[in-house]
Amino acid sequence: MDNITIIPSSKINRVKWDACVANSSNGLIYASSVYLDAMAEQWYGLVMDDYATIFPLPIKKKLGFKYCYMPPFMQQLGFIGQQDFDAVKVVTYITQWVKYGSPYLNFGNQAFAEQQDCPSLSNYVVDLGRSYADIRKSYRKSIDYSLSKAAKLGLDYVADGHVEAAIHLYKGYNEPNMQHVTDNDYGALQELLDHLQQQGQVMIRKVLGSDHALLSIVLLLKDNKRYYNLINYTSEEGRKMEANYFLYDHVLRELSNQPMLFDFEGSDLPGVQSFYTKFGAVNQPFFHWHFNHLPLPMKLLKK
């Protein structure tokens, strides 16, 4: 691979770009042009050999320097498509164009990540290409109590179509710990999800108590390879009633027997990690690539 270029999003061939994302095993929904247009303030695309390999580069500017960043609600980007490129050449090309960056590389970039000494982060997935009975066999024994308790409480698992309500609940609960996510970010997410819902790529399921009160809700995204656990909220009462266990057990039951993955979207937090692995989810790590080629003294300030 010798033909490398970085193109502004306005000049990207969207058909070829999105085809690379859709047809590559490591092409995730975050890298689609629609997702990038919605969530990134500005983005460019590194393109190799006529879109055989691509790398989305969301960009901001500070003190006259542009830098690569990860927009909210976008877990992993990185190289998508063919991976047989000269890593040294590509790194040189990228870091000459943008001097500072902290992009998260997708699970298919392990060889590159090892060469660049990138730390790994955890992301948990469940193979849906099995019967529910087979998926259920992969559950940890420790989940039995929670599912048994929830089953006795008369909970209902129902479909829902209200994107705005799901975002509102998620925002209200997570705002203290996600202060970097602005109202504008949530507005952009709302517009993106409204669009994806029209394309049949949004699935919302919730759990109601016997009094019809909302106990837990999940909003999933869907592409041609996986379902993404984008938004989840459980009320205080729902946690007492193990409603979140009830919710995901029913989601996995509903989505079983499909040639897809269920993507829990993280996490390295021990409590969240424990919850996901109870459903038999396995770690499919992704990677953090940080580079700093800023001139002094800026380099020291951003160290």
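The values are calculated or read from the model by the stated rules, or taken from the named source; none is laboratory data. These numbers were taken from a predicted model, which means no experiment stands behind them. Don't worry about glycine lacking a Cβ; one is built from the backbone with ideal geometry, like all the others, and counts go over all protein chains shown.
Some observations on this one:
- Residues (closer than 18 Å to Ile80 by Cβ, in contact (Cβ under 8 Å) with a residue 40 or more places away in the chain and of a type in the set (Gly, Ala, Ser)) located in segment 98-119: Gly101, Gly108, Ala113
- Whichever residue in segment 55-99 is in a loop (DSSP other than H, G, I, E, B) and out of contact with any strand residue (DSSP E or B) (no Cβ under 8 Å at 6 or more places or on another chain) and, among such residues, is farthest from Gly45 (Cα to Cα): Leu63
- You will find that of Tyr173, Tyr145, Tyr104, Tyr132, the residue that is among the aromatic types (Phe, Trp, Tyr) and surrounded by 18 or more Cβ atoms within 10 Å (Cβ to Cβ) is Tyr104 and no other.
- Any hit, segment 5-23, residues being in contact with a helix residue (DSSP H, G or I) (Cβ under 6 Å, 6 or more places away or on another chain), outside any helix (DSSP H, G or I) and buried (at least 18 other Cβ atoms within 10 Å of the Cβ): no
- Qualifying positions in segment 252-303 - modelled with pLDDT under 95 and of a type in the set (Val, Ile, Thr): Val272
- Gln110 being more than 26 Å from Glu41 (Cα to Cα) and not aliphatic (A, V, I, L, M): yes
- For segment 68-84, a tally of residues being crowded, with 20+ Cβ neighbours inside 10 Å and over 12 Å from the mean Cα position of the chain (by Cα) returns 5.
- Selection over segment 204-252 of residues that are within 28 Å of Gly27 (Cβ to Cβ) and aromatic (Phe, Trp, Tyr) gives a count of 3.
- Residue within segment 264-284 that is touching a residue at least 40 places away in the same chain (Cβ under 8 Å) and of a type in the set (Lys, Arg) present: yes
- Residue pairs meeting the criteria (Cβ under 7 Å; at least 6 apart or on separate chains; first at pLDDT 95 or above, in segment 182-206; second of a type in the set (D, E, K, R)): Tyr186/Lys171; Gln190/Glu164; Gln201/Lys222; Gln201/Asp223; Met203/Lys222; Ile204/Asp160; Arg205/Asp160; Lys206/Asp160
- Applying the set (1) under 29 Å from Gln197 (Cβ atoms); (2) without any contact (Cβ under 8 Å) to a residue 60 or more places away in the chain to Cys20 leaves exactly one unmet item: (2).
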